[in-house]
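One structure below.
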Amino acid sequence: MASVVLSEAEKVYIVHGVQEDLRVDGRGCEDYRCVEVETDVVSNTSGSARVKLGHTDILVGVKAEMGTPKLEKPNEGYLEFFVDCSANATPEFEGRGGDDLGTEIANTLYRIFNNKSSVDLKTLCISPREHCWVLYVDVLLLECGGNLFDAISIAVKAALFNTSIPRVRVLEDEEGSKDIELSDDPYDCIRLSVENVPCIVTLCKIGYRHVVDATLQEEACSLASLLVSVTSKGVVTCMRKVGKGSLDPESIFEMMETGKRVGKVLHASLQSVLHKEESLGPKRQKVGFLG
């Protein structure tokens, strides 16, 4: 992961400021930086989104393709995640430097979507045991400025909200063979419900307090962080500790409560922005991922 080198004086300045609920950029401990969200930025995908969180820049594309349901879940479709860490994001990702981080992020996304309430996968089934929709979710890290997991989870939720899947019908002839018929209407599509899709809230332990949406400088002052996957109703679906340091049970409980409280506000703001953008229709001004 991208990192910065700080002097001891800089670390002391950041840590002491956090103890007083005053961070270097003027935010409080539970405040996010300004989040920019734009959907439908890549034309050859079923859905896409770009999220800028401070200096962190994420692009997500969702591609719907037909596949065969998994044996253990014959009446459901499924999601596949792939994360690419661009060498432009940080020199540390050159060569195969970003592979480990990409695998770690993809595994985290699999974990938070590995429950029935996140996405109704049965809507992706076309014909049980034979055909289903497979959603390939490609995540591209364009720039790393701290708090990667939160930005990626927001971008994935926005891209799934923007995803349109063609409506198909299964026709069976007299001999029992099945044909799949695609609708002629390009606007006759299935939209996924993302109301229960969780977002990740990362809480970094700095000194005796914890902060959300840490910058790279703040991450350098933290030895342990807690990733909390929270739904719009404040339900925790997954937790994961990262970093070399340890967390005592009392800190974990406080961080969970903060994650639930901040997560509900984050979901409400994101849903409001997504619905507002969609209401503008095709006439809305697009910035694009090169903007």
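The values are calculated or read from the model by the stated rules, or taken from the named source; none is laboratory data. Computed from a predicted structure; not experimentally measured. Don't worry about glycine lacking a Cβ; one is built from the backbone with ideal geometry, like all the others, and counts go over all protein chains shown. Side chains are part of the model used for accessible areas, which takes the heavy atoms of the whole protein and leaves out ligands, DNA and RNA. Shrake-Rupley method; radii C 1.70, N 1.55, O 1.52, S 1.80 Å.
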Here the residues within the stretch 67-83 that are open to solvent by less than 70 Å² (accessible area, probe 1.4 Å), within 18 Å of the chain's Cα centre (by Cα) and not charged (D, E, K, R) are Tyr78, Leu79, Phe81, Val83
Counting only residues in the stretch 152-184 that are on the phi < 0 side of the Ramachandran plot and without any contact (Cβ under 8 Å) to a residue 12 or more places away in the chain, the one most open to solvent (accessible area, probe 1.4 Å) is identified as Glu174
Taking the stretch 17-33 and the residues there that are in a helix (DSSP H, G or I) and in contact (Cβ under 8 Å) with a residue 12 or more places away in the chain, the one that is most open to solvent (accessible area, probe 1.4 Å) would be Gln19
Subset of the stretch 87-105, residues farther than 21 Å from Ser48 by Cα, part of a loop (DSSP other than H, G, I, E, B), open to solvent by 70 Å² or more (accessible area, probe 1.4 Å) and not charged (D, E, K, R), comes to Gly95
Restricting attention to the stretch 115-127, the residues that are modelled with pLDDT of 85 or more, open to solvent by 60 Å² or more (accessible area, probe 1.4 Å) and either under 16 Å from Val236 (Cβ atoms) or among the basic types (Lys, Arg) (or both) number exactly 1
When the stretch 192-221 is checked residue by residue, the ones that are under 18 Å from the mean Cα position of the chain (by Cα) and of a type outside the set (A, V, I, L, M, F, W, C) are Ser193, Glu195, Asn196, Pro198, Thr202, Asp213, Thr215
When every residue in the stretch 220-238 that is in a loop (DSSP other than H, G, I, E, B) and out of contact with any strand residue (DSSP E or B) (no Cβ under 9 Å at 6 or more places or on another chain) is compared, the one surrounded by the fewest Cβ atoms within 10 Å (Cβ to Cβ) is Lys233
Within the stretch 129-163, the residues that are touching a Pro at 6+ places or on another chain (Cβ under 9 Å) and in a loop (DSSP other than H, G, I, E, B) are Arg129, Glu130
Given the conditions (1) touching a Gly at 6+ places or on another chain (Cβ under 9 Å); (2) assigned to a loop (DSSP other than H, G, I, E, B), every one holds for Asp57 apart from (2)
Exactly one of Lys264, Lys241 is closer than 24 Å to Glu104 by Cα and either open to solvent by 30 Å² or more (accessible area, probe 1.4 Å) or part of a loop (DSSP other than H, G, I, E, B) (or both), and that one is Lys241
Thr108: passes all of (1) touching a helix residue (DSSP H, G or I) at 6+ places or on another chain (Cβ under 7 Å); (2) open to solvent by 60 Å² or more (accessible area, probe 1.4 Å); (3) among the polar types (S, T, N, Q); (4) assigned to a helix (DSSP H, G or I) but (2)
- What do you reckon, is Ala64 within 20 Å of Ala268 (Cα to Cα), open to solvent by less than 80 Å² (accessible area, probe 1.4 Å), under 25 Å from the mean Cα position of the chain (by Cα) and modelled with pLDDT of 90 or more? no
With criteria (1) hydrophobic (A, V, I, L, M, F, W, C); (2) open to solvent by 20 Å² or more (accessible area, probe 1.4 Å); (3) at pLDDT below 90; (4) under 24 Å from Tyr110 (Cβ atoms), Leu290 comes up short on (4)
Here the residues within the stretch 185-204 that are open to solvent by 40 Å² or more (accessible area, probe 1.4 Å) and under 30 Å from Tyr13 (Cβ atoms) are none
